[in-house]
Amino acid sequence: MRAVIFSGAGGPEVISIGDVPKPEVKPGHIRVRVRAAGLNRADLLQRRGNYPAPPGWPADIPGLEYAGEVEAVRDTTRWKPGDRVMGLVGGGAQAELVTVHADEALAVPDDLPFAEAAAIPEVFLTAYDALVTRGRLRAGERVLIHAVGSGVGTAASQIARHLGATVIGTSRSADKLARALVYGLDTGIDTSRTTFREALTEPVDVVIDAIGGPAFGDNLAVLAPQGRLVLLGFLAGSRTTADLGPMVRKRLEVIGTAMRVRSLEERKALVAEFSQRMLPLFDRRVDQSAPLRPVVQAVYPMTRLAEAHRVMESNETFGKLVVEW
């Protein structure tokens, strides 16, 4: 089968497409013919040598999410060949075939193209886990979502709106903030002009942050008593200094979370809950104005993956980039 291969650590020039053996279908697993795969920041980090695949996943084939058709099954009755599925993997999704545990796959709504389905698993599962499982966001609360124009940001704003929360988002782009209004944003803060700490006139109950670094202290400052800061990453750096006083005085919680390092049982539980509570909200057959929609800026053929990497590195994307065979 064909697969994207990283020849080493470096820039987009290390990306190539080559032939590799088909993955074996283990008991309880399915093999999926990948039609489309989402591109994520983790793919860029892995290409640079900064984010290796976890044990048991391909070290040189990137890709954390896929959408396609079941090709083969082993010791499971949950899926059959031809079923349309999507989901997360620890790596290897940017290949023509990928194997996954049957309980980790999600059904693709019948009316949803594969290129849109491939933009769902990573960002919507991450956003749901951050807002609902970790952040315990409730109707009537206020949530601050950093980088609201990103894939996770656009997913989180839609979920938060559905939950009945007030959504505040940050971006360094006024255009992204304007576009995010369609996806649940109530108030945008242009951080190229001011800081979010200065702009906020009321505290928030939950902060969703993948930036890290110098924003940590300000995140603590803007939280209301018993507020929750959910850290998804640290694009601006993993080290910082901050006044810890607000954590004690306001009884704050700082919660770190990541999808890729979880056990199979944790991933299965999240997929099952998301399937029940959120997946029906993508179904346009029930409601043409479905509450949740994948936000796809562009779709590239897999042969132009290097170009897609360069576009993502420009930080000018809104929503997701997707590649397809």
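Conditions (1) crowded, with 19+ Cβ neighbours inside 10 Å; (2) more than 23 Å from A178 (Cβ to Cβ), marked per residue:
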| residue | (1), (2) |
| --- | --- |
| A199 | no, no |
| Q226 | no, yes |
| L231 | yes, yes |
| T241 | no, yes |
| K250 | no, yes |
| R262 | no, yes |
| E266 | no, yes |
| Q276 | no, yes |
| L292 | yes, no |
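Right, G164: modelled with pLDDT of 95 or more, more than 19 Å from the chain's Cα centre (by Cα) and under 16 Å from Y128 (Cα atoms) or not?
Values: modelled with pLDDT of 95 or more: yes; more than 19 Å from the chain's Cα centre (by Cα): yes; under 16 Å from Y128 (Cα atoms): yes.
Here the answer is yes, as G164 does meet what is asked.
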Taking into account only those residues within region 1-28 that are under 19 Å from A42 (Cβ atoms) and aliphatic (A, V, I, L, M), which is surrounded by the fewest Cβ atoms within 10 Å (Cβ to Cβ)?
A9
When only residues in region 42-92 that are part of a loop (DSSP other than H, G, I, E, B) and polar (S, T, N, Q) count, which is farthest from L235 (Cα to Cα)?
T77
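Going through region 257-279 one residue at a time, which ones are among the polar types (S, T, N, Q) and part of a loop (DSSP other than H, G, I, E, B)?
Taking region 257-279 first, the residues among the polar types (S, T, N, Q) are 257, 263, 275-276.
T257, S263 - these are the residues of region 257-279 that are among the polar types (S, T, N, Q) and part of a loop (DSSP other than H, G, I, E, B).
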For region 282-293, state whether one or more residues are in the same structural domain as L223 (by TED's automatic domain parsing) and assigned to a helix (DSSP H, G or I).
no
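Condition check ((1) without any contact (Cβ under 8 Å) to a residue 24 or more places away in the chain; (2) within 21 Å of G56 (Cα to Cα); (3) touching a Lys or Arg at 6+ places or on another chain (Cβ under 8 Å); (4) among the small types (G, A, S)) across all residues:
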| residue | (1), (2), (3), (4) |
| --- | --- |
| V73 | no, yes, yes, no |
| G82 | yes, no, no, yes |
| G87 | no, yes, no, yes |
| G91 | no, yes, no, yes |
| Q94 | no, yes, no, no |
| A107 | no, no, yes, yes |
| L112 | no, no, yes, no |
| L131 | no, no, no, no |
Looking only at region 270-292, decide whether some residue is touching an Asp or Glu at 6+ places or on another chain (Cβ under 8 Å), closer than 29 Å to I15 by Cα and in contact (Cβ under 8 Å) with a residue 12 or more places away in the chain.
no
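Residue-wise test of (1) over 20 Å from D43 (Cα atoms); (2) small (G, A, S); (3) touching a Cys at 6+ places or on another chain (Cβ under 6 Å).
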site: E198; (1), (2), (3): yes, no, no
site: D205; (1), (2), (3): yes, no, no
site: A215; (1), (2), (3): yes, yes, no
site: R228; (1), (2), (3): yes, no, no
site: L231; (1), (2), (3): no, no, no
site: L235; (1), (2), (3): no, no, no
site: T240; (1), (2), (3): yes, no, no
site: L252; (1), (2), (3): yes, no, no
site: E265; (1), (2), (3): yes, no, no
Could you tell me whether region 142-152 includes any residue that is part of a helix (DSSP H, G or I), at pLDDT 95 or above and crowded, with 18+ Cβ neighbours inside 10 Å?
yes
Only one residue in R138, R142 is among the charged types (D, E, K, R) and out of contact with any helix residue (DSSP H, G or I) (no Cβ under 9 Å at 6 or more places or on another chain), so which one is that?
R142
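Out of F124, F114, report the one residue that is of a type in the set (F, W, Y) and surrounded by fewer than 24 Cβ atoms within 10 Å (Cβ to Cβ). Quick ask: steps written out before the conclusion?
Details: F124 fails: surrounded by fewer than 24 Cβ atoms within 10 Å (Cβ to Cβ).
Answer to the selection: F114.
Yes/no per residue for (1) out of contact with any Pro (no Cβ under 8 Å at 6 or more places or on another chain); (2) at pLDDT below 95; (3) within 22 Å of S157 (Cβ to Cβ):
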residue	(1), (2), (3)
V206	yes, no, yes
V222	no, no, yes
L229	yes, no, yes
T240	no, yes, no
L252	no, no, no
R260	no, yes, no
L270	yes, no, yes
A290	yes, yes, yes
Quick one: D75 ticks every box in (1) surrounded by fewer than 18 Cβ atoms within 10 Å (Cβ to Cβ); (2) farther than 22 Å from V296 by Cα; (3) under 22 Å from the mean Cα position of the chain (by Cα) bar one, so which box is it?
(3)
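The values are calculated or read from the model by the stated rules, or taken from the named source; none is laboratory data. Since this is a predicted model, take the numbers as computed values, not measurements. Please note: Cβ atoms are built from the backbone with ideal geometry, for glycine as well, and neighbour counts cover all protein chains shown.
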